[in-house]
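> Can you keep this structure in mind? I'll have questions shortly.
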Amino acid sequence: MTTTRSFAAALFDMDGTLIDSTPAVDRSWTRWGEEWQMDPSFRVGMHGRPARQIIEALVPPEQVEEAFERVEQLELADVDDILVLDGATELLAALPDERRAIVTSCTRRLAAARIAGSGIPAPRTVVTIDDTSRGKPHPDPFLEGARRLGVDPHDCVVFEDAPAGLAAAKSAGCFTVAVVGTHTRAELDADLVVDRLSEVVVTLTAQGFTLTAP
């Protein structure tokens with residue numbers, strides 16, 4: 001086991017890191033793509049990016065709002081089959097509430113629906129795409145998460161499963177832990193890569209916690 005340095009707080013991506021919502025996401029976006037007559041290839045590389053950002057690249061500007069509202073409607077209506085990933089509950093529970101936050105590309109409404117659907121012990125602090133002007137891969141979401149917890153981003157560890165999220169975390173100056181799942185180990189550029197969150201152990205200290213992993 002290798003022990004990293006100490007941290008003041010942990011910032012968690014949600015989909016693909018804490019929960020597996022892939023079946024629900026696939027159903028919603030597949031239906032949206034069919035309704036909007038999209039080639040199925042539009043799905044390539046979308047994971048980890050905000051829905052509005054994806055849609056802005058696919059439809060004319062005057063149709064963005066309508067298209068975004070439709071896909072959110074579909075996603076809000078489908079929160080079945082959402083599973084908590086191995087080790088997520090235990091890792092969240094091991095940290096005091098003032099030292100943990102979820103930072104997701106979901107909207108506030110969708111994040112609340114998926115948290116409720118999965119039953120994960122959600123932190124008090126949840127940053128969504130509604131809380132920043134720019135989403136991942138920009139650093140803004142993680143900077144906002146650190147700000148709300150009152151800590152320096154350089155003292156935060158970010159848990160992510162997607163290249164876009166890891167790029168955002170690195171730009172924010174955070175230590176990065178990538179979780180294999182939606183992407184292969186070779187696709188994940190992070191300070192540390194684990195196969196599952198159950199491999200990660202935190203030990204509380206007076207200033208925060210240390211993190212131990214393979």
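> Can you tell me the 0 to 90 degree angle between the C-alpha axis of helix 163-172 and the longest principal axis of the chain, rounded to 10?
Rounded to the nearest ten degrees, it is 50.
> DSSP beta bridges in the chain, what fraction antiparallel, as a percent rounded to 5?
That works out to approximately 35 percent antiparallel.
> Let me see the P(r) profile for the chain: every Cα-Cα distance counted, bins of 5 Å, each bin given as a percent of all pairs.
1, 8, 16, 20, 21, 16, 9, 5, 3, 1, 0, 0
> Now for a separate question. Between the helical axis of 108-118 and the dominant principal axis of the chain, each derived from Cα atoms, what acute angle in degrees is found, rounded to the nearest 10?
Computed tilt is about 70 degrees.
Quick note: the coordinates plus some simple rules give every number you see, no bench work behind them. Here the structure is a predicted model, which means the values were calculated and not measured.
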